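Heads up, the thing below is written out as structure tokens.
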Amino acid sequence: MQTHALTALKAVLSIAFLYYGLQKLGGFAPAVEMYERLGYGQAPRFMTGSAETLGALLLWWKGREVYAAILLTGTMVIGMSALLIYLGPPYFPVPYLLAACGFLMYAYRHQLPRPA
């Protein structure tokens with residue numbers, strides 16, 4: 001069931017993930033600098049930017065929202081881990097995006113196939 005609150009949350013997350021994903025894919029200086037500080041080169045920046053952009057778009061594919069939420073939640077878990085282990089503060093907005101993606105994953109859990 002699609003409610004106005006879920007639609008609003010999807011819209012906010014789509015805007016946020018398109019913004020951050022396209023920044024990474026576009027090679028904006030803050031994104032490039034952050035991945036340089038990680039020390040793994042720029043390939044993870046392209047993978048993360050692609051996952052964020054794809055996830056933002058998949059949120060609007062009716063009946064497949066749970067898969068977008070799983071992709072974005074996984075991306076945010078990895079992002080939060082990188083912040084905690086390698087980069088340090090500031091953490092904003094990663095914990096909020098992680099919580100919102102987790103909520104969407106829970107809200108759309110009925111779309112997952114049931115085990116036999």
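FYI, it's all coordinate maths here, none of it is from the lab. Everything numeric here is computed off the predicted structure, so don't read it as measured data. All Cβ positions, even for glycine, are placed from backbone atoms using ideal geometry, and neighbour counts span all protein chains on display.
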What list do you get for Met105, Met34 if you sort them by fewest beta carbons within 10 Å? Met34, Met105
Considering only DSSP states other than H, G, I, E and B, which trypsin sites (Lys or Arg not before Pro) in segment 54-116 qualify as loop sites with at most 11 other Cβ atoms within 10 Å? Lys62
0 to 90° range, to nearest 10: angle between helix 4-26 axis and the chain longest Cα axis: 30 degrees
So how tilted is helix 29-38 from the main axis of the chain? Cα-based, degrees 0 to 90, rounded to 10. 80 degrees
In the chain, taking the dipole from +1 charges on Lys and Arg beta carbons and -1 charges on Asp and Glu beta carbons about the Cα centre, the listed residue (Ala69, Leu13, Gly79) farthest towards the positive end is Ala69
Test item: Cα-centred dipole of the chain, Lys/Arg +1 and Asp/Glu -1 on Cβ, debye: 340 debye
